[in-house]
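Report on one structure; see the data block that follows.
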Amino acid sequence: MLLSPAQRDRVVTPDGVPLAPWWRRLIAYWIDGFLLSVAVQALLLPLQALAPGSWFGSIPRTSLDTVFDTDLGSWRYVALSIAATLVLGAVYSILMVSRLGWTLGKRILGIRVRHRERERLATPSEAIARWAVQLAPAALSTAGPFGAVAGLWVTIDGLRPLIWNDRRQAFHDSAAGTSVVMA
């Protein structure tokens, strides 16, 4: 069911708290993604500095060399990047949402995560469900052939509150029973 602009602007939680507009959620997501990228690179930078050749190997001569690169050093770096993104992203998202109700991006944009039906923080299990449905696939979007599917999932999940859901819930919100509201 597509929502009219008037319907999208009047949406509140069952107890009357205004839901966050999609653009605030999107910008908060970008901010959090940037912060996570900086943290992952800061974590991996010392490893890159120790043996740069073992991480990236030789410079490929053609674009086909890049596609069929079997240098284990570059694959090791990608695997470590994905693992670091998953672990740091999980810790950041789950702890911040379950303990404070927001991530730094959400705080900057004046929005927060809460239980859908009543005023309370998301429980740790609800925060884990949100993360598993939304951000775990996002971390995999850099993983070769899985990247396109994971990237498509992140896009569909992000568009759901804007187009198909009168509660402004993305799939990760529905799975966890949470809503993103104005702070």
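Enumerate the pairs (first residue in region 148-162 and closer than 16 Å to Ala176 by Cα and touching a residue at least 40 places away in the same chain (Cβ under 8 Å); second residue anywhere and among the small types (Gly, Ala, Ser) and assigned to a helix (DSSP H, G or I)) with beta-carbon separation below 6 Å, excluding pairs fewer than 6 apart on the same chain, so at least 6 apart or on different chains.
Cβ pairs passing all conditions: none.
Among the residues of region 151-173, which ones are buried (at least 16 other Cβ atoms within 10 Å of the Cβ) and of a type in the set (A, V, I, L, M)?
Val154, Leu162, Ala170
Just give me the residues in region 17-51 being of a type outside the set (A, V, I, L, M) and either more than 17 Å from Asn165 (Cα to Cα) or at pLDDT 95 or above (or both), in sequence order.
Residues satisfying the conditions are Arg24, Tyr29, Trp30, Asp32, Gly33, Phe34, Ser37, Gln41, Pro46, Gln48.
For the subset of region 56-100 comprising residues that are at pLDDT 60 or above and over 21 Å from Ala39 (Cβ atoms), which member is surrounded by the fewest Cβ atoms within 10 Å (Cβ to Cβ)?
Trp75
The values are calculated or read from the model by the stated rules, or taken from the named source; none is laboratory data. In this text, all values refer to a predicted model and were calculated from it rather than measured experimentally. Cβ: placed from backbone, ideal geometry, glycine included. Neighbour counts: every protein chain shown.
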